[in-house]
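Q: Before anything else, here's the structure in question.
The values are calculated or read from the model by the stated rules, or taken from the named source; none is laboratory data. These numbers were taken from a predicted model, which means no experiment stands behind them. All Cβ positions, glycine included, derive from the backbone under ideal geometry; neighbour counts span all protein chains shown. Remember, those area values only see protein heavy atoms, side chains included, never the ligands or the DNA or RNA. Shrake-Rupley method; radii C 1.70, N 1.55, O 1.52, S 1.80 Å.
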Amino acid sequence: MALDSLTIRAEFPILAQEVNGRPLVYLDNAATSQKPRAVLEASRRYYEEINANIHRGTHHLARAATSAHEAARETVARHLNAAEAAEVIFTAGTTDGINLVASILTLSPGDEVLISTLEHHSNIVPWQMLCERSGATLKVIPCHDDGTLDQESFRGLLTERTKMTAFNWISNAFGTVNPVLEMIAAAKAAGSLVLIDAAQSTPHLAMDVQALGADFVAISGHKVYAPTGIGVLWGKREVLDALPPWRGGGEMIKEVTFAKTTYNDLPFKYEAGTPNIEGAISLAAALDFVHGIGFDAIAEHEGKLIRAAADGLSSLPGAKLYGPDDRAGALSFALEGVHHYDLGTLIDQMGVAVRTGHHCCQPLMARFGITGTTRASFAIYNTLEEVDALVKAVDRASSMLR
Ligand code: PMP
């Protein structure tokens with residue numbers, strides 16, 4: 001069934017405002033998404049009705065908060081199709097999840113970590129830090145001029161020394177959708193662990209971690225209509241059970257003496273300290289909201305928007321689009337002779353919110369010999385009228401700037 005973006009839009013109070021006397025056109029969804037009433041309500045209800053610290057309390061509120069938090073874990077597990085909820089570790093976000101994995105791995109000189117040119121800094125720097133610590137080597141899958149990864153080179157870079165292969169499902173900079181199933185299968189066949197950065201795919205694509213076949217998947221709640229400060233690291237039990245804990249503190253222990261500490265089972269082994277309880281509950285509300293709409297309807301609607309934006313923007317004089325035609329979520333472009341920062345600033349005057357710059361992908365920008373792009377990114381509440389407003393605003397701004 002086609003998605004009714006106007007009904008959906010009405011669920012997002014922030015979108016009703018004007019900016020500079022124009023209706024807000026929010027096209028910075030790859031940076032963060034807006035929040036529907038269902039999520040705002042879940043957050044408010046938590047603090048108004050059941051706020052308490054979880055797991056150790058004997059009182060009514062502590063039990064209510066604990067069961068809501070653990071029910072949220074079950075909701076996330078269903079969304080991911082995880083084999084068990086204990087494989088769902090709540091984190092602060094994708095960056096936090098990747099740092100967790102990079103921190104608990106032990107590598108040796110000669111070992112290799114393989115990432116791709118399309119990665120966000122959060123899927124580059126933690127691996128560089130791991131390599132610096134261990135003497136391992138970082139290798140990078142190159143990309144073609146159309147912003148897709150060079151699959152032949154990827155196959156060639158996989159060796160018996162590849163201990164970790166980490167790449168995104170959808171590029172936040174170019175909207176490239178990587179062929180994750182084939183890539184994961186190839187990396188697993190080479191004996192590597194695999195981590196998928198699913199920060200950008202989560203709002204757009206259904207996920208089945210058992211079908212994917214990776215060892216780790218990291219996501220951020222705030223990209224999928226949930227608050228900031230909550231995310232998930234999914235990890236295969238057999239892999240996580242064999243790895244050491246990360247941060248030490250309350251909750252992650254079984255027993256502490258000054259002589260020795262024993263560690264808790266999954267998922268608590270990786271959840272030291274008081275977690276973001278409200279965030280987990282709100283994330284579950286966001287996932288329920290998204291599933292209520294359905295990923296088929298989301299893909300159909302957002303696909304229409306991004307194709308219309310690509311058609312409109314590519315018809316403007318001097319326009320260059322980055323990434324392949326079948327991009328998802330984000331559309332990056334440049335106008336000859338116009339700096340992306342000036343363009344973004346001018347169209348903001350017209351109420352249109354986009355992102356400009358390197359999108360935390362400086363090595364990718366360097367690969368294309370640019371300092372940045374202008375990026376429009378789409379969500380379930382965007383409309384074709386907003387795509388039209390974007391194209392008109394860019395057209396007007398470009399004639400003012402040239
Ligand atoms: N990876 C990708 C592909 C992203 O788009 C982002 C956020 N822009 C991140 C990782 C980092 O996510 P967070 O800042 O929520 O930790």
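Q: Tally time: how many residues in segment 1-37 are under 24 Å from the mean Cα position of the chain (by Cα), within 27 Å of G175 (Cβ to Cβ) and not in a loop (DSSP other than H, G, I, E, B)?
A: 8
Q: Evaluate the following for Y263: is it surrounded by fewer than 20 Cβ atoms within 10 Å (Cβ to Cβ), out of contact with any His (no Cβ under 8 Å at 6 or more places or on another chain) and not β-branched (V, I, T)?
A: Yes, satisfied.
Q: Under 6 Å by Cβ, and 6 or more places apart or on different chains, what pairs join a residue from segment 78-99 that is over 14 Å from E271 (Cα atoms) with one that is within 16 Å of the ligand (Cβ to nearest atom) and in a loop (DSSP other than H, G, I, E, B)?
A: Listed by first residue and then by second, the contacts come to L80/M207; T94/A199.
Q: Please find, within segment 95-108, the residue that is nearest to the ligand (Cβ to nearest atom) out of those that are in contact with a helix residue (DSSP H, G or I) (Cβ under 6 Å, 6 or more places away or on another chain) and over 23 Å from A190 (Cβ atoms).
A: This residue is T95.
Q: Output the residue which, of all residues in segment 43-73 that are in a helix (DSSP H, G or I) and without any contact (Cβ under 8 Å) to a residue 12 or more places away in the chain, is nearest to G213 (Cα to Cα). Outline the logic, then answer.
A: Just the residues of segment 43-73 that are in a helix (DSSP H, G or I), to begin with: 43-50, 60-73.
Now restrict to residues that are without any contact (Cβ under 8 Å) to a residue 12 or more places away in the chain: 44-45, 48, 60-63, 67.
Details: R44: 37, R45: 37, E48: 40, H60: 40, L61: 39, A62: 36, R63: 35, S67: 30 Å.
If we take residues in segment 43-73 being in a helix (DSSP H, G or I) and without any contact (Cβ under 8 Å) to a residue 12 or more places away in the chain, then S67 is nearest to G213 (Cα to Cα).
Q: Say we look at segment 346-363 and pick out the residues that are crowded, with 24+ Cβ neighbours inside 10 Å and out of contact with any strand residue (DSSP E or B) (no Cβ under 7 Å at 6 or more places or on another chain); which of these is nearest to N20 (Cα to Cα)?
A: Ranking the qualifying residues of segment 346-363, first place goes to I347.
Q: Also, I was wondering about something else. Just name the residue that is farthest from G323 (Cα to Cα) out of those in segment 165-197 that are open to solvent by less than 10 Å² (accessible area, probe 1.4 Å) and away from the ligand (no atom under 16 Å from the Cβ).
A: Only one residue tops the list, namely S192.
Q: Right, something else. For segment 235-260: of the residues being within 14 Å of G97 (Cα to Cα) and of a type in the set (K, R), which is most open to solvent (accessible area, probe 1.4 Å)?
A: R247
Q: Also, quick follow-up: Conditions first: (1) among the small types (G, A, S); (2) loosely packed, with under 14 Cβ neighbours inside 10 Å; (3) under 30 Å from T95 (Cβ atoms). S399 passes all but one, so which condition is the exception?
A: (3)
Q: Would you confirm whether any residue within segment 76-88 is aliphatic (A, V, I, L, M), open to solvent by 20 Å² or more (accessible area, probe 1.4 Å), away from the ligand (no atom under 16 Å from the Cβ) and in a loop (DSSP other than H, G, I, E, B)?
A: For segment 76-88, residues aliphatic (A, V, I, L, M), open to solvent by 20 Å² or more (accessible area, probe 1.4 Å), away from the ligand (no atom under 16 Å from the Cβ) and in a loop (DSSP other than H, G, I, E, B): present.
Q: Of all helices (runs of 4 or more DSSP H) completely enclosed by segment 126-220, which ones contain at least 1 residues that are closer than 22 Å to E302 by Cβ?
A: Fully inside segment 126-220 and qualifying: 180-189, 209-212.
Q: Another question, if that's okay. Kindly establish whether A366 is open to solvent by 20 Å² or more (accessible area, probe 1.4 Å) and within 23 Å of the chain's Cα centre (by Cα).
A: yes
Q: If you don't mind, another one. Looking at A226, A218, which is the one that is within 13 Å of the ligand (Cβ to nearest atom), touching a helix residue (DSSP H, G or I) at 6+ places or on another chain (Cβ under 7 Å) and farther than 23 Å from I124 by Cβ?
A: Checking each option against the conditions leaves just A226.
Q: Output the number of the condition that D325 fails; it satisfies all remaining conditions of (1) within 17 Å of I170 (Cβ to Cβ); (2) exposed (fewer than 15 other Cβ atoms within 10 Å of the Cβ); (3) in contact (Cβ under 8 Å) with a residue 24 or more places away in the chain.
A: Every listed condition holds for D325 apart from (3).
Q: Here's a follow-up. Are any residues in segment 109-125 open to solvent by 10 Å² or more (accessible area, probe 1.4 Å), in contact with a strand residue (DSSP E or B) (Cβ under 9 Å, 6 or more places away or on another chain) and either without any contact (Cβ under 8 Å) to a residue 12 or more places away in the chain or away from the ligand (no atom under 16 Å from the Cβ) (or both), and if so, which ones? So that I can check it myself, show each step before the final result.
A: Of the residues in segment 109-125, the ones open to solvent by 10 Å² or more (accessible area, probe 1.4 Å) are 109-112, 117, 120-122, 124-125.
Adding the requirement that they be in contact with a strand residue (DSSP E or B) (Cβ under 9 Å, 6 or more places away or on another chain) leaves 109-112, 117, 120, 122, 124.
Scanning segment 109-125 gives P109, G110, D111, E112.
Q: Can you tell me which of (1) open to solvent by less than 80 Å² (accessible area, probe 1.4 Å); (2) closer than 30 Å to A309 by Cα is the one P23 doesn't meet?
A: Result: P23 fails condition (1) only.
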